[in-house]
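Report on one structure; see the data block that follows.
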Amino acid sequence: MHKFHMRQWKMKCQRMKWQNRIYYQSWKMNCFFPLEPTRTFGYFRNAHGENIPVSFVLGPDGLVTNVSMVSDDNNVIGPPLDEQMESLTAEQLDQILQSGRLYLAKAAMANSSSPSSSSASNGKIVPMNVEEDVPDAEAHPREPAVEDEEADYEEIGVSDTFAEYWPSKLKLNKAHPDPVVETATLSSVELPDINFRLALWNFEASGALSALQMEAVVYACQAHAQILPSGERAGFLLGDGAGVGKGRTIAGIIYENYLHDRKRALWISVSSDLKFDAERDLIDIGADDKIPVLSLSKFKYSRIDSLENDNFTEGVIFCTYTSLIGESQTSKRKYKTRLLQLVHWLTKKFDGVIVFDECHKAKNLSLMNGGKSTKTGTTVLELQKLCPKARVVYASATGASEPRNMAYMVRLGLWGRGTAYAEFPDFVNAVEKRGIGAMEIVAMDMKLRGTYIARQLSFKDVSFRIEEIVMTKDFRKVYNMSAELWAEIHKKFRKCCRLMNIDNRIQKIITCQFWCAHQRFFKNLCIASKINQVVKMTRIATCTGKAVVIGLQSTGESRTLEHLDRNEGNISTFVSTSKMVLQSFVEKHFPAPNRDAFHHLVNTGEFLKQSASKKSRSDWSEDDEEEDPDAADSDVEMYENNWLSDDDNNNNNKTNTNNKRKQQNNKAGATCKRRGRPPNPDKAEKVTMHDRILQHLSTNLRRRDDDDEPTPGNKKKITERNVERCIKMREALLNKIEITGRRLPPNTLDKLIADLGGPNMVAEMTGRRGRVIYDEFDGYKYESRCDSDATTDLVNYNEKQRFMQGSKHVAIISEAASSGISLQSDRRVSNQRRRLHITLELPWSADRAIQQFGRTHRSNQINAPEYVFVITDLAGERRFASTVAKRLESLGALTQGDRRATDARDLSQFNIDNKIGRCALDSVMQQITGMKPLERAFVPSTFKGDFVHDCARAMASVGMVNCVEEGKIKIFSIEKDSNNISKFLNRILGCRVEIQNALFKFFMDKMYSLILKLKRSGHFDLGILDLDAHGASVKAIKLIRFVRKHSTGTAATELHTVSVERGMSFEVALSKYRREGLYDYEGFYILQQNRHNKNSSILCLRAATDSTDKSANKLSMQIFRPNTGPQVRTETVNSISSRYVKVPPETARLIWQHQYDVCLTRCSHVFWNRICPYKGGCEVGLRVRTYHVLSGLMLPIWDRIELIIHRNGHKIQILRVKTDNNKKIVGTVVPHAVYDELVQNLASDSVMEFQKIPGRKE
């Protein structure tokens, strides 16, 4: 009977023209339904027109459930492949079919020849992998699926991220003035015992240091007492968050060593202004009359302890990273560089303190193959090598955002002789391939050794939010007009390169410059669109008694100075940074010569060099991030790597010298001292692109005059007609830029200050020396920021004082002022208003973001700040939010210890720069170029037009795809490196608003679908698994310790065995329902239809949600099960009602209690009357589960652990748990199958100890 109806149904389906639905309605109309649901067989067609055999349960009401794909041998329906399939409802299947994707199983047949095979040797259908580009989707053996009610999902559960911190091994000194916390992950390991006696305890300095700060001093000195296997002295990483008081801790370390007769010290930081803070910290601990502090820039290039430098023999030399790499062209060879000068003063036997404060400044040191290091990074490394016995302190809240940024931290004993990793690249590769959890393990490992400590102020009262600004219609028109103009420039610039026969090397330089200017232009537009809203927010905040701090990264000063040079100092309005970026590129880098210069070349055979022999104002720009050395993965970095030298692409070329230069201000007539050295003369004389073009034309003309000379490489000769065409294109573009420029927004910083009341109302703390202001009588003018009696070095300090004293209630800070400066509502200052910290421009990296956040959240504050991240509704601007989110997540290991610390700050939704994001982007690019069929379900319903064609054209205009015209047909193909997320998010900014928003949404939906697929298949990287996140009872059963030596001492690796009781008795569930149930849809539910003659009961309560849709059917519900307790995943009321029916508690009691009792000893497979696929003990759905967790010292044995676990077909999973007696454990899960082997392996080279569990009977 079933076969007859199946064939009838199949024939009807084949006659239908619709391809993407399952036609169970025709079956419903012609068939007799039994009272009980039965499993039925049939076919559906996928997007490719293929017949896919399926089985499904058809109920009396026509509801199709439990759809599975089945095998089909010669049109004979075989048994269902339930154990390879996940169950789907008809609604879910319908959604999948409408998207044009074939839903396939998560488990391939065991005898499949490859993961992507569509058939196997036994002739049965083998499910294919839909997205072959999903990372690691096939790297692990797949597990059979279970029904929804059988599923035992283990996902990251966010419980308390931070734990209150108090020094556990130090019982002296006063409490810290503000609550301090440590991440729960780091708090799971203890620092080693204290065995060092501080001399400070006998002095009054100990009273000036809190217990928190004194603890750091103790462990730093204790670490310095160790010698690494390489013969160098061990160092210490002080990772305290901004505002905890690292400066005073460093002062304590220096004073402690002074008391041990080590009276010379070197303190290196990011700004000369911080010298005042260093002196203040030494004064606070009572060392001011003993330890003088002098700035390195005050010394001449000669012996520091000579008469010429006033015989400075004892004390602290304070210097910046820029002055550290300084050098003199006139001094003797012995003291030519500041580094040699310092090393000679310290001596190679020096055993005093060297502090690398804000040490992340040295992160750009590459010891990997093919990497490029900055001069700062190499100098920091060289200083440590030249002083092997020095007591090194690395201090930064963001010291190691990722492992490759730790290259300069050679004194921590993580790699090198006598460690598990011989070279730094070995360490980096070992950590990076293990993901975020690996960095957390590294952090815990260093704390266990006593070489790392990281605390931060509690964020309990700090609020974070993202403010999305809707772009106005007028601004949107300007944006779209700009996007079209850039597309035109791109098209003409490529055409000119062909007409001018520009060689590949020069063309590459021009291309890089184009994308640099493109990125800066649209970044400025995004920022400018927020100004009105930020001004409004600021005015409201100041009127309600708050003080506002606005964070920027760049000032645009170089473009302002360029405009002044161009117009001989005359100015009629605020300078448009966007216009100057655009105009500067076309004038300087467009591959066409100036008309007069070209005619001169044609007439005389010679060309006049256009290189600037005089120094322009823009050469002195100090705080413009136009050449940002930290713009990772950006087009700016792409340009720098191809064009600039180490000194050029690094702000470090502004090295401090004692020879101060003065510059005349044309408008104000004021003079001010400049902190940095003047531009390198060689850089000022660098050959311009215009000269290169003229040189290229000159060579071509000579070749044309000599007809007998063969053309190298068979290149076509350039005709004057083609050159004239290029010149006309250049001139037309400049005219168009002039017209468009009138509508482009002005300089962000100048406009912001003007709208907020001018310089008298706003404290500006940036690195720029001057600004454009509007005066009621004099109009617009450029004025110096320096007061008549102050140097540039003191400008920011004076502005800070005005803000802290309350004479100004608005402050604007840039990256130049974001390190070390304190702007919190300090109890000791007059301005104690609550700070509203607005991040107008998201930084290039989270390192800089963290520094800015720490300016307003510090110790001794009377109230916590409020943070607002301002972004536009432009999807492309999420590039910057994505960058910050990515770094914040990674920084969780060494800034906050746990990536979940940032989840509550609403930036995690923008974290798309990962493997899944790259796979999604690759798929998107293939779809818009026609290499893959379009997944129409992801196309925004509001988009008007041809999505594929419009997006392909837009991506071609920004260089993400190639476009070749064959007749009237445009053929698109994928460009190299098209799955680079940063590149995509940079370039998408150059598309029209509606295009970039639609394309970004399409991309995000595709990425979310891949994440869902990976979660279903069990291969999504969950980060840390939190077992006790939902109140499970955890009991310690067994503990084995393996004590072994490491590079600086001994420590133990611990193997814990714990049992987790996660079920919920009916009495507890009923009590919870009566206590929390408020709505009709809350309560107990049971399955509508028995499954395998079994039923199941669940408790549903309304879950907290941020969704704006409050309709009952779409509300998220928290589910509680009798065997596994509260579930991580939430479901909507609609979803629950499709499978369950609400019943009174008494009706659910017996069903609930039965599953609760049975699942104490039996897995879910057995409970549902199925054959369990796991041999040797299955724990799926068990009420009580047993876990083995390896914690403690992990780094030296990491490779061995991974090899044993992977060899047995398992993957590394980091787990966090807190036992019932408050014991915190964070480590790697050890599968039961490898437990004995791992114990034997670890015991082979360590001392094994069996630890007694407190409160447990033997």
Residue check for H1188: within 36 Å of the chain's Cα centre (by Cα) and at pLDDT 90 or above: yes
Restricting to segment 417-431, what's the tally of residues that are in contact (Cβ under 8 Å) with a residue 24 or more places away in the chain and either in a helix (DSSP H, G or I) or surrounded by 17 or more Cβ atoms within 10 Å (Cβ to Cβ) (or both)? 8
Criterion (charged (D, E, K, R), surrounded by 17 or more Cβ atoms within 10 Å (Cβ to Cβ) and either in contact (Cβ under 8 Å) with a residue 12 or more places away in the chain or part of a helix (DSSP H, G or I) (or both)) met by exactly one of E484, E488, E468, E440: E440
Which condition number in (1) within 26 Å of the chain's Cα centre (by Cα); (2) at pLDDT 90 or above; (3) open to solvent by 50 Å² or more (accessible area, probe 1.4 Å) is the one that M955 fails? (3)
Taking into account only those residues within segment 890-947 that are among the β-branched types (V, I, T) and not in a helix (DSSP H, G or I), which is modelled with the lowest pLDDT? T895
Residue within segment 494-501 that is out of contact with any helix residue (DSSP H, G or I) (no Cβ under 7 Å at 6 or more places or on another chain) and of a type outside the set (D, E, K, R) present: yes
Please state which one of L294, L282 is hydrophobic (A, V, I, L, M, F, W, C), out of contact with any Leu (no Cβ under 8 Å at 6 or more places or on another chain) and part of a strand (DSSP E or B). L294
Quick one: A541 ticks every box in (1) crowded, with 21+ Cβ neighbours inside 10 Å; (2) modelled with pLDDT under 90; (3) part of a helix (DSSP H, G or I); (4) not basic (K, R) bar one, so which box is it? (2)
Every listed condition ((1) at pLDDT below 90; (2) not in a loop (DSSP other than H, G, I, E, B)) holds for N364 save (2)
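Here's the yes/no breakdown for (1) exposed (fewer than 14 other Cβ atoms within 10 Å of the Cβ); (2) modelled with pLDDT of 50 or more; (3) among the hydroxyl-bearing types (S, T, Y); (4) over 25 Å from the mean Cα position of the chain (by Cα):
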{"residue": "R142", "(1), (2), (3), (4)": "no, no, no, yes"}
{"residue": "V146", "(1), (2), (3), (4)": "no, no, no, yes"}
{"residue": "D152", "(1), (2), (3), (4)": "no, yes, no, yes"}
{"residue": "G157", "(1), (2), (3), (4)": "no, no, no, no"}
{"residue": "A163", "(1), (2), (3), (4)": "no, yes, no, no"}
{"residue": "L172", "(1), (2), (3), (4)": "yes, yes, no, yes"}
Within segment 1166-1185, which residues are at pLDDT below 85 and either within 19 Å of G1125 (Cβ to Cβ) or touching a helix residue (DSSP H, G or I) at 6+ places or on another chain (Cβ under 6 Å) (or both)? C1172, C1178, E1179, V1180
For segment 491-506 the number of residues that are part of a helix (DSSP H, G or I) and touching a residue at least 60 places away in the same chain (Cβ under 8 Å) is 8
Given the conditions (1) of a type outside the set (F, W, Y); (2) open to solvent by 10 Å² or more (accessible area, probe 1.4 Å); (3) in a loop (DSSP other than H, G, I, E, B); (4) modelled with pLDDT of 90 or more, every one holds for I304 apart from (2)
State all residues of segment 383-416 that are part of a strand (DSSP E or B) and not charged (D, E, K, R); if no residue qualifies, say none. V392, V393, Y394, A395
Report whether or not G247 is in a loop (DSSP other than H, G, I, E, B) and closer than 22 Å to H176 by Cβ. no
Can you find even one residue in segment 750-768 that is open to solvent by 60 Å² or more (accessible area, probe 1.4 Å), out of contact with any helix residue (DSSP H, G or I) (no Cβ under 6 Å at 6 or more places or on another chain), touching a residue at least 24 places away in the same chain (Cβ under 8 Å) and within 30 Å of R702 (Cβ to Cβ)? no
Residue tally, condition more than 32 Å from the chain's Cα centre (by Cα) and buried (at least 17 other Cβ atoms within 10 Å of the Cβ), over segment 260-279: 4
Residue match in segment 1062-1082 (condition: in a strand (DSSP E or B), modelled with pLDDT of 90 or more and either of a type in the set (D, E) or buried (at least 19 other Cβ atoms within 10 Å of the Cβ) (or both)): no
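The values are calculated or read from the model by the stated rules, or taken from the named source; none is laboratory data. Remember, it's a predicted structure, so these values are computed and weren't measured experimentally. Cβ sites come from the backbone with ideal geometry, for glycine too, and all protein chains shown count toward neighbours. Heavy atoms of the whole protein, side chains included, go into the accessibility calculation; ligands, DNA and RNA do not. Shrake-Rupley method; radii C 1.70, N 1.55, O 1.52, S 1.80 Å.
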